[in-house]
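Here's the structure we're looking at; comments come further down.
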Amino acid sequence: MNLVLFEDQEAQAALAFNDPRAKHIRKILKLGVGEQFRSGLVDGPLGYSTILRMEDQKIYFRHEWHQAAPAPFPIHLICGTPRPNSAKRMLRDATCMGVASLTFIDSDLGEKSYRDSHVWEASQVRELLKQGASQTYTTRLPKVQRGLSLRDAHSLVLDSQHIAFDNNVHARSFKQFMAPTPSLASSIYIGSERGWSDRERQLMAELEISSYLLGSRVMRSDTAFIAALTLVAQARGLLEE
């Protein structure tokens with residue numbers, strides 16, 4: 001927890017000692033009255049918080065949030081709904097890596113039962129996003145949507161460069177990738193753990209989604225998206241800023 005995040009309704013409230021953030025402040029950071037730590041308002045500014053007092057099993061703070069959080073990368077991630085444990089990692093790590101939005105689609109070859117997991121409960125999703133934001137010193141959370149078709153997900157990010165990753169023999173080498181102008185976002189498409197169906201490949205060709213290889217190895221969804229995002233971000237020069 002590199003940045004302690006507060007929701008808007010918590011900004012003026014105390015934290016109970018049993019709150020995970022309070023435990024982190026007291027037992028990991030080992031801070032006391034008068035000391036500061038890095039903090040921020042979810043989807044708002046960041047800065048520092050000072051511990052004013054500890055009483056009645058609560059910690060009281062004064063927040064000084066004057067710094068704007070870094071903007072997310074102009075990258076959208078669209079992927080087939082993964083198994084629940086992979087979904088947890090993707091929600092957390094995609095936030096940490098700075099994507100602007102994250103859309104989980106009902107792909108042809110995806111396991112349908114994954115859609116009913118408790119991981120998709122709104123409170124669980126938000127907590128995982130906040131964990132990723134806290135890790136990377138930002139307050140910004142990506143927009144998350146799920147249950148869409150490939151075509152519908154594409155329609156949400158029309159004004160962007162569309163890049164699918166596939167291990168199909170007809171996909172081109174990433175050496176041929178040309179980064180767009182800085183003003184144009186990139187949308188990355190990752191299949192479910194079983195990959196893309198022939199119908200989806202045909203649809204992607206119709207929608208002018210370019211397909212690229214991601215090496216010869218078959219990766220899990222939560223590994224493939226990190227590799228894909230890193231390649232695209234590096235090609236766009238985003239990792240050098």
Any idea which of A133, A122, A69 is farther than 26 Å from W196 by Cβ, over 13 Å from the mean Cα position of the chain (by Cα) and buried (at least 18 other Cβ atoms within 10 Å of the Cβ)? A69
Taking the options H170, H162, name whichever one is touching a helix residue (DSSP H, G or I) at 6+ places or on another chain (Cβ under 9 Å), assigned to a strand (DSSP E or B) and farther than 23 Å from R83 by Cβ. H162
Mind checking which pairs have a first residue in the stretch 182-206 that is touching a residue at least 12 places away in the same chain (Cβ under 8 Å) and assigned by TED's automatic domain parsing to the domain that holds A94 and a second that is surrounded by fewer than 16 Cβ atoms within 10 Å (Cβ to Cβ) and among the hydrophobic types (A, V, I, L, M, F, W, C), Cβ under 6 Å, 6 or more apart or different chains? S192/L109; R194/L109; S197/L109
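Among the residues of the stretch 127-153, how many are of a type in the set (V, I, T), assigned to a loop (DSSP other than H, G, I, E, B) and in contact with a strand residue (DSSP E or B) (Cβ under 7 Å, 6 or more places away or on another chain)?
The total comes to 1.
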On the given criteria, is T103 closer than 26 Å to I209 by Cβ, in contact with a Leu (Cβ under 8 Å, 6 or more places away or on another chain), touching a residue at least 12 places away in the same chain (Cβ under 8 Å) and outside any helix (DSSP H, G or I)? yes
Could you run through the stretch 164-193 and say how many residues are surrounded by fewer than 23 Cβ atoms within 10 Å (Cβ to Cβ) and within 22 Å of the chain's Cα centre (by Cα)? 8
Criterion violated by Y114 - all others in (1) in contact with a Lys or Arg (Cβ under 6 Å, 6 or more places away or on another chain); (2) closer than 20 Å to L239 by Cα satisfied: (2)
Give the residues of the stretch 179-233 that are β-branched (V, I, T) and modelled with pLDDT under 90, sorted by residue number. T181, V218
Any pair with Cβ under 9 angstrom, 6 or more apart, that starts in the stretch 73-87 at a residue that is assigned by TED's automatic domain parsing to the domain that holds D166 and assigned to a helix (DSSP H, G or I) and ends at one that is surrounded by fewer than 23 Cβ atoms within 10 Å (Cβ to Cβ) and of a type in the set (D, E): N85/D222; S86/E193; S86/D222; A87/D222
Of the candidates L128, L109, the one satisfying the condition of being outside the structural domain of V42 (by TED's automatic domain parsing) and under 12 Å from the mean Cα position of the chain (by Cα) is L128
May I ask you to list the residues in the stretch 55-98 that are of a type in the set (S, T, Y) and either touching a Gly at 6+ places or on another chain (Cβ under 7 Å) or more than 30 Å from A227 (Cα to Cα) (or both)? Y60, T81, T95
Of all residues in the stretch 221-241, which are surrounded by 14 or more Cβ atoms within 10 Å (Cβ to Cβ) and not in a helix (DSSP H, G or I)? R236
I need the full set of residues from the stretch 151-160 which are aliphatic (A, V, I, L, M) and under 12 Å from L77 (Cα atoms), in order please. A153, L156, V157
Please work out which residue is surrounded by the most Cβ atoms within 10 Å (Cβ to Cβ), limiting yourself to the stretch 206-220 and to residues that are of a type in the set (G, A, S) and out of contact with any strand residue (DSSP E or B) (no Cβ under 8 Å at 6 or more places or on another chain). G215
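The values are calculated or read from the model by the stated rules, or taken from the named source; none is laboratory data. Predicted model only: the values in this text are computed from it and were never measured. Positions of Cβ are generated from backbone atoms using ideal geometry, with glycine treated the same way; all protein chains shown enter the neighbour counts.
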